[in-house]
Structures are given as C-alpha cells and as structure tokens.
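What follows draws every value from the coordinates through simple rules; no lab data is involved. In this text, all values refer to a predicted model and were calculated from it rather than measured experimentally. Backbone-built Cβ (ideal geometry, glycine too); neighbour counts: all protein chains shown.
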Ligand SMILES: C[S@@+](CC[C@H](N)C(=O)[O-])C[C@H]1O[C@@H](n2cnc3c(N)ncnc32)[C@H](O)[C@@H]1O
C-alpha cells in the first residue's frame, strides 16, 4: 500500500515541469537531473545510435583506423557518399566514441579509433550481432504490427527456422548455416565466462545439448585434457560440428549426435549435461521436456548446467526483458526466464541443489548448476 502511495507521489513529481526546472537549477540535484535527462534521451534516440554503429561496421570504418589515425580525405574517398554526408557520419561516430578526431596536422583533418570502437573491434561476436540486428530492426519498424501479428510472421523467424518448425529435425542443413556461424562468432566470450564460473574438471564426460558447431566444447577441451565430449544438435548443424572437430584434430575425443530434441531421447553416458543459450529459445512445454530428458540421460548425482542471459539479472535488466524479450518474441518462440523460474523448472524435472554460479559479466550469460536427484 505504502508502495503505491510512494510511486504516485514520485511520478507526480517527475511529471511536473516545475519540479524538473527546480531540480536542474539546484546545484545539489543538478547532476542527478542531468543524468536523468541523458538516460531519457538515450531511450528516445537509441535507434539512431544503433544505425550509426551499423553504418560504421558496414563501411569497415573501425577496421580502417585500427592501426592508427587516417586522414579524413582518404577515409571519405572510400565511403561512396558526399563529403557532407561522410562528415556527418564521422562526427556522429565520434559522439558515440566509436571514432575520435585526430588531425594529422593543422591543415589535414584525421580520425582515429575511439574507446568504444576499440572495444567493439576486440569483440568479433558483437560486430557479427550488429550486422545481424538489421534483420530484427526490419521487423521492429512497426513494433505494434509485429506484436499484434501471429507470432513467427517475421524475418527473424525465418533466420531461426527451428523456432517455428513443426518438425525441426527436417530443417534443411543450408538453413542452419548462417545462425550456426553467428553463434560460433559470439561463443568465445560466453564460453570463457561459463568455464570461469563453473569448474568442469571434476567431470568425466559432458553432453552439450544444442551445442552448435562445438565452439563451447572446444573451449572446454582446452581447459580439461581428460573430459570426454558429446554434442547433440540438428543433423545439419551436427555435420558442421564434425568438420570443425576434425579440423581441430579432436575427433577422437568427441561423439556427435544429430537429432531433434523435441522428439528424440538424449544420449546417455555423460555426468554433466549443458544447455548453453538453448532454453530461452523455446516455449515452456519443450523446455520442461528437455529438462526431463536431461534428467533421464544423467546418473543420480550427475549435474546439469544452464547458461544463458537471464531475465531480472541485477544491473542487466534491459538485456533480459527489453532486448531478449523483443528478440525472442520476433524469433517466434521462447522467452527470457529468470533464475528463479528456471530453478522451479529444474526442480520439477528432478534436479536438486540448484545454485547460481556468479559470472563476471551477467549481461553475456548467467549460469545455474543443479544435481540430478538420486
Ligand atoms: C541459439 S543456438 C546456441 C548454440 C550454442 N549452444 C551456442 O551457445 O553457441 C541453439 C542451438 O540449438 C539447436 N537446436 C534448436 N532446436 C533443436 C532441436 N529441435 N533439436 C536439436 N537441436 C536444436 C540449434 O540448431 C542451435 O545450434
């Protein structure tokens, strides 16, 4: 009750132009007023930031200044746009700290890599996601139309064909290649986060369900020379994983299973089953089935590891419910779940002693580990 009254009082105050003016005028509240105004502006203008960033990535601008400053004239020459348009883009990129002005001398303007540009270049997975987001951006042009239409009538749903297929096992291999590449590009940071959060070395064998091209298992193999690797994914993806393991000369350590986890049982033999960025793709009935299948595949005392960005994560609320909420809606199935929701689902499927293993950057992934009840 007191919460309602407090909220009404706060909102009345924040809506009042007089209060806003007073907060900006008073020196003690001014920094907070400025912060609020900036955050509100980001909410309103964020779409321009994404498109400026996409332009820089598509034009290879960050790559062009990777090694050091470049003259503005040379940069502009390659952009296939008017000088005025190019300068507008360069200045916009500087405002986002993707680039920074670095004149060559008094007469020659130049540009160098900015701090956010450097962070992006150091993270090829994020660069791949920026390019990929053009698909979601198209679906979001009319957000209400998307939310009101039957789910799955989107370009993003076509990109992830398993999400709306009635028989995912029959999805053509070539339709899985783009997303498998995207997932592999963004897997390395996620894998390191997970492996730092949970020590896998006590395990004998791991089954990675929906393991993609095996990037996670290969990162894990580098940490533990003895653990046996098992991967389950759609037949077309499993075939790609086989090629990647062969190229890494790891075929003797891995068993690869092609199948459809919405119908098939999971292979036995592992004492750790992992789901990395898999459960949030699916609706509750399939997730419940998957967790029961994992319990059936494990011996008593065997462990389950669930790693994905989770809703309601402190400090990363926008990632869970805003970004993944809309992303997964557009994809056609699944939803971001909180650690509490996943814990209840794990318990219902026969797991106990479920705990969260803290990760350094929960924005990328959170990790839950549980034990198959005896
Ligand atoms: C979002 S990707 C995650 C891949 C990998 N775990 C990672 O984090 O990079 C989900 C994976 O689940 C697989 N998958 C989806 N539906 C499946 C099904 N019905 N049977 C088997 N695998 C499936 C996809 O092919 C894909 O590789």
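Observations on the structure shown:
- Take every pair of alpha-carbon atoms less than 8 Å apart whose residues are at least six positions apart; their mean separation over the length of the chain yields a relative contact order of 12 percent.
- For region 2-121, a/c is not less than 1.5, where a ≥ b ≥ c are the root eigenvalues of the C-alpha gyration tensor, and a/b tops b/c. That puts it in the prolate class.
- For the pair residue 340 and residue 116 in one chain, pulling the backbone fully straight at 0.36 nm per residue adds 77.3 nm over the alpha carbon distance.
- Taking the DSSP bridge list for the chain and keeping only pairs wholly inside it, about 45 percent are antiparallel.
- Between 183, 146, 81, the residue with the greatest mean-square fluctuation in the GNM of the chain (Cα pairs under 10 Å linked by springs) is 81.
- Averaging Cα coordinates gives a centre for region 39-89 and one for region 224-271; these two points are 41 Å apart.
- Order of 304, 74, 52 - criterion: other Cβ atoms within 10 Å of each residue's Cβ, fewest first: 74, 52, 304
- Global form of region 54-109, assessed from the alpha-carbon gyration tensor, a/c cut-off 1.5: rounded
- Note on the chain: with a GNM built from Cα contacts shorter than 10 Å, the maximum mean-square fluctuation among 316, 102, 85 falls on 85.
- Computed [θ] at 222 nm, helices only, for the chain once each DSSP H run of length n ≥ 4 contributes -39500 (n - 2.57): -14500 deg cm²/dmol
- Exposure proxy order (Cβ contacts within 10 Å, fewest to most) of 268, 200, 237: 268, 200, 237
- Considering only 20, 255, 187, the Gaussian network model of the chain with Cα springs below 10 Å gives its largest mean-square fluctuation to 20.
- Rounded, prolate or oblate (a/c below 1.5 giving rounded, otherwise prolate when a/b exceeds b/c) for region 282-358 by Cα gyration tensor: oblate
- Fewest-first ranking of 47, 257, 351, using other Cβ atoms within 10 Å as the exposure measure: 47, 257, 351
- The alpha-carbon positions of the chain define a convex hull whose volume is 201 Å³ per residue.
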